[in-house]
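The values are calculated or read from the model by the stated rules, or taken from the named source; none is laboratory data. The shown structure was predicted, so the numbers you read here are calculated from the model rather than taken from an experiment. Cβ placement follows ideal geometry from the backbone for every residue including glycine, while neighbour counts extend to all protein chains displayed.
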Amino acid sequence: MSLRKGDRVRHPNSPAWGIGQVLDTVDAQTVRVFFVGAGERTIALDRVALVPVTGAEAANPLLDNLPSTEPGQLTRYRSLPDSIAHFVQKYPGGFHGRTFLQQEREYKVAAHALCRELLSEDEVTRLLSQGSPDEVIHRALRVVNATNLIFPNEKMALRDGLVADDNRARFAHALFQLLHGAGPLEPRFLSFCAVLEAIEAAKWPIASYFPFLYEPATHVFLKPGVTQHAAEVCAFEINYRPELNWRTYERVQAFARYLMTETAALEPRDMIDIQSFMWCIAPR
């Protein structure tokens, strides 16, 4: 059998492994294959005749987003059913169980309500029109302090960066555009990131925090260690870079939407639930 990198296949003797994708060929008779239900496997083609899968049957969102890897680099992979089982074991009742609500959701929902109240379009417009960026900053820092999602040293960097008058005005206007500006999100996000760079507070938790809390239905929070580990567990490429950039943010959003779809049976409400799911399944 002639197989090429990227081909979709099934193992005839292991149906529970599900659909797989050829990662590369080791030699003429050996291939590395990533199976959704089993992770990476090395298959000797003189012993097993893998079954090609094409057309609609070959569609799979995880395989569409696999990272490029060398042999043995996907060792952290755990199938979504196994990750979901781990999550439900930790949080009986899943996203709607009392333990999850108390430990993971309720305080973030309260912070979301505070963010919507203090940083609404009408309120920030009013404050900026009155020449009061300092009040916008005061409110933004109240929202930051409403959760423990941003580390204390990162909060300090943000506060220190907002000491200068010019920095406070730039930040207030950039935050308004990020949350309420017209047009595509990408240029608004990058403008906000540029301000964070200028005030020496360019950290992913700060860059992603305000969109997440203001609109958790569509925006996820990016905590670098947790997000990278969760992506490794799920074998989903997020193109992570420590410097703020649109590509990484876009890919993390795609990862979160994938998890939202794959955990649909647990009825996740928004990215608050998905961010907590990432935290639970990521090895620490």
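Key figures
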quantity: Test: residue in segment 256-269 that is charged (D, E, K, R) and within 15 Å of the chain's Cα centre (by Cα); calculated: yes
quantity: Output for segment 15-30, where each listed residue is in contact with a Lys or Arg (Cβ under 9 Å, 6 or more places away or on another chain) and either closer than 21 Å to residue 80 by Cα or among the aliphatic types (A, V, I, L, M) (or both); calculated: 17, 18, 19, 20, 21, 22, 23, 26
quantity: Any hit, segment 189-198, residues being over 28 Å from residue 83 (Cα atoms), buried (at least 20 other Cβ atoms within 10 Å of the Cβ) and in contact with a Phe, Trp or Tyr (Cβ under 6 Å, 6 or more places away or on another chain); calculated: yes
quantity: Among the residues listed as 207, 254, the single one being crowded, with 19+ Cβ neighbours inside 10 Å, of a type in the set (A, V, I, L, M, F, W, C) and in the same structural domain as residue 160 (by TED's automatic domain parsing); calculated: 207
quantity: Residues satisfying the stated conditions in segment 47-80, i.e. in a helix (DSSP H, G or I) and either in contact (Cβ under 8 Å) with a residue 24 or more places away in the chain or in contact with a helix residue (DSSP H, G or I) (Cβ under 7 Å, 6 or more places away or on another chain) (or both); calculated: 57, 58, 63, 65, 80
quantity: Only one of 104, 123, 57, 70 that is out of contact with any Leu (no Cβ under 8 Å at 6 or more places or on another chain), surrounded by 12 or more Cβ atoms within 10 Å (Cβ to Cβ) and either farther than 17 Å from residue 274 by Cβ or modelled with pLDDT under 95 (or both); calculated: 123
quantity: So residue 271, is it aliphatic (A, V, I, L, M) and under 18 Å from residue 64 (Cβ atoms); calculated: no
quantity: Test result for residue 92, assigned to a loop (DSSP other than H, G, I, E, B), in the same structural domain as residue 137 (by TED's automatic domain parsing) and not β-branched (Val, Ile, Thr); calculated: yes
quantity: Cβ pairs under 6 Å, 6+ apart, first in segment 238-260 and under 13 Å from residue 204 (Cα atoms), second acidic (Asp, Glu); calculated: 246/186
quantity: Among the residues listed as 183, 161, 97, the single one being more than 22 Å from the chain's Cα centre (by Cα), in the same structural domain as residue 211 (by TED's automatic domain parsing) and on the phi > 0 side of the Ramachandran plot; calculated: 183
